[in-house]
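Take a look at the structure set out below.
The values are calculated or read from the model by the stated rules, or taken from the named source; none is laboratory data. What you see is a predicted model; the values in this text were computed from it and never measured. Here the Cβ positions follow ideal geometry from the backbone for every residue, glycine too, while neighbour counts run over all protein chains shown. For the accessible areas, the whole protein counts, side chains as well, though only heavy atoms, and no ligand, DNA or RNA atoms are used. Shrake-Rupley method; radii C 1.70, N 1.55, O 1.52, S 1.80 Å.
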Amino acid sequence: MTTPEKVESAATQQMRDNLARIETLTQRMVEAFAQKRAPNPALEGPGLDLYVSSSSALLREMAANPAKIFEAQVSYWAQAMTHYIDATHAFAQGTYKPPADPGPKDRRFSNPLWDTHPYFNFIKQQYLIASSSIEEALSKIEGLDPVDRKRLDMFSKQIIDMMAPTNFLATNPDALEKAVATEGESLVRGLENLVRDIEANRGDLVVTLSDKNAFSVGHNIGTAKGQVVWRNRLMEIIQYEPTTPEVHKTPLIIFPPWINKFYILDLKPQNSLIRWIVDQGFTLFVVSWKNPDRSYADVGMEDYIRDGYLAAIEQAKAITGEKQVNAVGYCIAGTTLSLVLSLLDQRKDRSIKSATFFTTLTDFSDQGEFTPFLQDDFVDGIERQVRMDGVLSSYYMTRTFSYLRANDLIYQPAIRSYMLGESPPAFDLLYWNGDSTNLPGKMAVEYLRGLCQADAFTRDGFELMGERLHVSGVKVPLCAIACETDHIAPWIASFNGVAQMGSSDKTFILSESGHIAGIVNPPTKDKYGHYTSEAPIADPQAWKAAATYTKGSWWPRWGAWLAAQSGKRVAARPPGSASHPPLAPAPGTYVAEVVTL
């Protein structure tokens, strides 16, 4: 029989155990913080101008128009105090009832207590009043140039997102409820998760997004059958095993971005674009890029084109005995593919028969959400960082991309892990997202300075390999797929680049969803649709206004287009040849490499 004394003894022992765990974890956390790496030079010295220049615009407005700023302050205080007085008066009378919330639902406030409990509803309403007041006040600032406007908007959003009451234990009902239900065990597990992440990142706090032990590339993700048929210091070329007795004559090469690893196109069998392409009867080669270390500091755009693109094209031609290939470029690899096409046009080289671009930017006149990070002060800091490290570290790139979607990639995962004490989910896409790679220092600076900042490819031309390359030199038949809510390569910017290409045979497809989900969109899921249009590829809004929506994936539409570029059918080709014996089974060796700086 359980007595009250035994219950109290068990609870006391649990409290002692938890306190001992907390003490141990605190010591580990202190030791982990001692390992903290040197700060990013991009955020020091002149790099501070990134913040100063955006806030100085607000200070100038305050000096020039104090009445406007005062008016915004009065409006905020009036709303906040009115809500405070009404709430306290009603509460004192015992009649307090949370007001109706007619606004759009914010999933951060999904717990019913945000709407029904006086305390939490009051906190939420005060936060929403403050947030809308900040946004309204900043929207009325006049005289800002577009860059300062985007900087101010971005940094104000970071502050608003960071100060959400859901991000703090005392004002998060989910965390408090779970702490009570578990007698504090969830908070101790949360501290364990916090210490684990600080230790794993050498003193920096980077929340773990997925269970790192749930996936293994080549075992339960990235499992399509194939062979590495060639490699050099920049890449491995994988040729995939055919699944049809016949294949189209012209082979296909996919160049994935080297900012991440290629298996985003082969996560699981049911959503693998690689498997789908092979099943449609194409001879498929995929490039797996090297994850560079310090020794790659002097590798530039020319190296990627010569030892990457041109080498891969020649090897695929040699293996298949064909004179031409079709090529796909995804994101930054699509940008570089467009440079290659312009170069080959000047050389009168017809090795590429057609090109497909996935979420590709070639026109950088509108830098979108990346505008704050593509100004001289920030890029100067990146140059200092790559001089120190030899590469643009994946650590810095991952953090930059995460803050563009802070609620989804920072705060919500942190809440689940540190406040609720939950283990990271076994989510393949988030696992891949955390498996990013470095960029060689020289290449990163060339890309940021010449393509992003100077927009040279669509203006005066980008000098490379002794030629001045221009987007108008892209003249092969092409198909471009952009994604409607893509925040990395906005579809209108992608469209504008395609509009300037010199090809007389252009197809543009606009997929629903974003940079990844819009591309990895298999027909079997029937999840996201796509738009096509007969309107000229000239004005994006006119094109969209005339577009036809089709439910379901764009893959079959593109597959039909690609088949038309790929010639008759021939006997299926096994990976490799007499001159290119298989070196290793897919997914190869480079994809598994981890580089620690």
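See the values below:
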quantity	calculated
In the stretch 160-171, residue most open to solvent (accessible area, probe 1.4 Å) [restricted to those that are within 25 Å of residue 487 (Cα to Cα) and part of a helix (DSSP H, G or I)]	162
Which listed residue, of 253, 319, 259, 274, is in contact with a strand residue (DSSP E or B) (Cβ under 7 Å, 6 or more places away or on another chain), free of Cβ contacts under 8 Å to residues at least 60 places away in the same chain, crowded, with 16+ Cβ neighbours inside 10 Å and among the β-branched types (Val, Ile, Thr)	274
Count of the stretch 230-239 residues which are outside any loop (DSSP other than H, G, I, E, B) and open to solvent by less than 10 Å² (accessible area, probe 1.4 Å)	5
Scope the stretch 352-374; condition surrounded by fewer than 18 Cβ atoms within 10 Å (Cβ to Cβ) and either at pLDDT 95 or above or over 19 Å from the mean Cα position of the chain (by Cα) (or both); matching residues	365
Condition check for residue 243: on the phi < 0 side of the Ramachandran plot, in contact (Cβ under 8 Å) with a residue 40 or more places away in the chain and assigned to a loop (DSSP other than H, G, I, E, B)	no
Near pairs, Cβ below 6 angstrom, 6+ apart or cross-chain, from the stretch 441-459 (within 18 Å of residue 259 (Cβ to Cβ) and open to solvent by 20 Å² or more (accessible area, probe 1.4 Å)) to any residue that is modelled with pLDDT of 95 or more and in a helix (DSSP H, G or I)	446/301
Residue that is nearest to residue 356 (Cα to Cα), among those in the stretch 562-578 that are open to solvent by less than 40 Å² (accessible area, probe 1.4 Å) and part of a loop (DSSP other than H, G, I, E, B)	565
Candidate set from the stretch 472-527 (those that are basic (Lys, Arg) and over 21 Å from residue 364 (Cα atoms)); member that is surrounded by the most Cβ atoms within 10 Å (Cβ to Cβ)	527
From the options 263, 240, residue that is under 20 Å from the mean Cα position of the chain (by Cα), modelled with pLDDT of 95 or more and of a type in the set (Ser, Thr, Tyr)	263
Pair list, Cβ under 6 Å, 6 or more apart: the stretch 534-555 residue closer than 22 Å to residue 504 by Cα and open to solvent by 40 Å² or more (accessible area, probe 1.4 Å), other residue part of a loop (DSSP other than H, G, I, E, B) and of a type in the set (Gly, Ala, Ser)	542/535; 546/533; 546/535
Checklist (1) in contact with a Phe, Trp or Tyr (Cβ under 7 Å, 6 or more places away or on another chain); (2) surrounded by fewer than 19 Cβ atoms within 10 Å (Cβ to Cβ) applied to residue 174, failing item	(1)
Within the stretch 491-526, tally of residues that are within 20 Å of the chain's Cα centre (by Cα) and assigned to a loop (DSSP other than H, G, I, E, B)	11
Hits in the stretch 196-224 (condition: open to solvent by 50 Å² or more (accessible area, probe 1.4 Å), part of a loop (DSSP other than H, G, I, E, B) and among the hydrophobic types (A, V, I, L, M, F, W, C))	205
Subset tally (residues that are under 28 Å from residue 268 (Cβ atoms) and not in a loop (DSSP other than H, G, I, E, B)) for the stretch 579-597	5
Residue check for residue 227: closer than 30 Å to residue 284 by Cβ and either open to solvent by less than 30 Å² (accessible area, probe 1.4 Å) or not aliphatic (A, V, I, L, M) (or both)	yes
Condition check for residue 596: within 22 Å of residue 258 (Cβ to Cβ), within 23 Å of the chain's Cα centre (by Cα) and open to solvent by 40 Å² or more (accessible area, probe 1.4 Å)	yes
Neighbours by Cβ (under 7 Å, 6+ apart or cross-chain): first from the stretch 145-174, in contact (Cβ under 8 Å) with a residue 24 or more places away in the chain; second buried (at least 18 other Cβ atoms within 10 Å of the Cβ) and among the basic types (Lys, Arg)	164/108; 165/124; 166/108
Residue check for residue 416: open to solvent by 40 Å² or more (accessible area, probe 1.4 Å), under 22 Å from residue 436 (Cβ atoms), assigned to a helix (DSSP H, G or I) and free of Cβ contacts under 8 Å to residues at least 24 places away in the same chain	yes
